[in-house]
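Below: the structure, in structure tokens.
What follows is calculated from the coordinates using simple rules that are stated; it is not laboratory data. This one's a predicted model, so the numbers in the text were calculated from it and none came from an experiment. Don't worry about glycine lacking a Cβ; one is built from the backbone with ideal geometry, like all the others, and counts go over all protein chains shown.
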Amino acid sequence: MRILGIESSCDETAAAVVTDKRVILSSIVQSQHQSHAVYGGVVPEIAARCHIENMEGVVRQALAEAQCDFSDLDAIAATTGPGLIGGVIVGTMTGKAFASYLKKPFIAINHLEGHALTARLSDNVSFPYLLLLVSGGHCQIIAVEAVGKYSKLGGTVDDALGEAFDKTAKLLGLGFPGGREVERHAIEGNPLRFTFPLPMKGRAGCDFSFSGLKTAVRLKVQELRQQQPLSKQDTADICASFQYTTGEILKDRIGNAIAIYNERYENKNLVVAGGVAANLYLRGILGEIADKAGFSMFCPPIALCTDNAAMIAWAGMERLWLGLASPLTTEPRARWALTEF
Ligand code: KG4
Ligand code: ZN
């Protein structure tokens with residue numbers, strides 16, 4: 001079986017063809033980063049227009065690389081939320097139009113479910129598992145029990161972790177999106193030069209907060225700039241100290257999450273997904289926590305951590321197996337919690 005996946009919920013227009021044997025026949029991601037970079041963040045109206053312009057070419061390329069035709073597809077899966085509504089509308093309408101014309105099932109996918117199930121595409125991880133979902137817009141800890149069965153154990157009370165990385169990068173003039181840049185500069189930096197706060201540390205539960213950390217980084221940068229312009233080393237040290245702090249926060253929060261999860265489930269698997277899971281330093285930290293707790297850790301390959309359509313096609317496959325196709329009346333949604341199925 002082959003499914004065409006379509007993703008357009010933020011600033012990547014993506015299409016992919018994935019088989020039921022877990023083979024990614026193609027995965028095309030056309031990023032709009034250059035169109036948004038001058039604004040230092042994603043501009044929803046520009047994103048929607050770019051999706052309209054790019055969608056047809058991206059789908060054509062995905063089919064061509066997969067060496068298949070529309071007639072070879074068994075279903076069409078598209079992200080129908082949550083996300084920037086203009087882009088979500090473009091993907092949803094494209095998916096529904098193809099499905100309607102081809103008379104094939106349409107499968108509406110929650111973008112977060114795409115991230116949540118990716119490790120089953122890359123590593124065939126069995127249910128249940130503990131999921132840390134960390135991206136630009138989301139930061140949640142979830143027990144994934146089955147397709148469509150997600151139990152939220154904790155989440156951020158303010159910013160997402162990726163957002164904190166992006167804001168730190170913006171403050172330092174490192175471009176957008178900034179997570180990868182912060183990681184790159186951190187390699188040359190001293191993680192212990194600056195001490196930043198560890199919000200929520202020691203508290204029960206596994207919620208997160210990053211706004212205090214963000215403010216502390218901003219104040220420190222202002223203080224340094226008052227003395228003299230930031231040197232390359234200052235920038236690297238800020239990045240390293242910030243990244244180190246996020247690692248310490250994750251250690252504390254995931255430690256609690258594992259304890260909560262262990263009370264209810266027996267499978268000891270930790271999955272890390274979403275754009276921030278591309279960060280190799282944080283992967284290392286999480287790997288150590290997993291090891292100590294006797295958990296196996298699974299992180300999808302980096303190209304499957306950041307937004308892509310292979311994860312949407314795969315979530316579509318999981319749903320198709322269960323007979324969970326969606327009606328063509330399905331509407332795009334800006335907000336859609338993973339626990340809301
Ligand atoms: O999953 P994703 O591509 O889009 C959303 O669904 O939000 O995640 C994007 C986020 C951005 O905030 C980006 O800065 C962050 O993931 N990110 C990283 C790294 N690569 C991407 N954060 C830290 N380190 C990285 N290497
Ligand atoms: Zn995402």
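Quick look at the values:
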| item | result |
| --- | --- |
| Cross-link partners of K232 among aspartates and glutamates (Cα-Cα below 12 Å; sequence separation of 8 or more within a chain) | E188 |
| Inter-site label distance for N124 and N262 at 7 Å from Cα along Cβ, in nm | 2.9 nm |
| Restricting the stretch 108-183 to trypsin sites (Lys or Arg not before Pro) in coil, as DSSP defines it, with at most 16 other Cβ within 10 Å | none |
| Least to most buried among H51, H138 (fewest other Cβ within 10 Å first) | H138, H51 |
| Nearest-0.05 FRET efficiency for I187 and Q222, computed from C-beta distance (R0 25 Å) | 0.50 |
| Ranked list, fewest to most other Cβ atoms within 10 Å of each Cβ, for S9, S27 | S27, S9 |
| Angle in degrees between helix 310-321 and the longest Cα principal axis of the chain, rounded to the nearest 10 | 50 degrees |
| Among T168, T195, T246: highest mean-square fluctuation, GNM of the chain, C-alpha pairs under 10 Å | T195 |
| Under 17 Å from the Cα of K201 - lysines, other chains or at least 8 residues apart | K214, K251 |
| Segment A37-A64, length gained on full extension (0.36 nm per residue, minus Cα span) | 6.7 nm |
| On Cα atoms only, tilt of 111-122 relative to the major axis of the chain in degrees | 80 degrees |
| The chain: calculated mean residue ellipticity at 222 nm from DSSP helix runs of at least 4, using -39500 (n - 2.57) | -14500 deg cm²/dmol |
| Virtual spin-label span in nm between E331 and S151, 7 Å along Cα→Cβ | 3.2 nm |
| Distance between modelled label sites at K251 and Q233, nm, 7 Å Cα→Cβ extension | 2.6 nm |
| Phi to ³J(HN,Hα) by Karplus 6.51 cos²θ - 1.76 cosθ + 1.60 over the stretch 45-58, Hz, x for Gly, Pro | 5, 5, 4, 4, 5, 4, 4, 4, 5, 8, 4, 4, x, 5 |
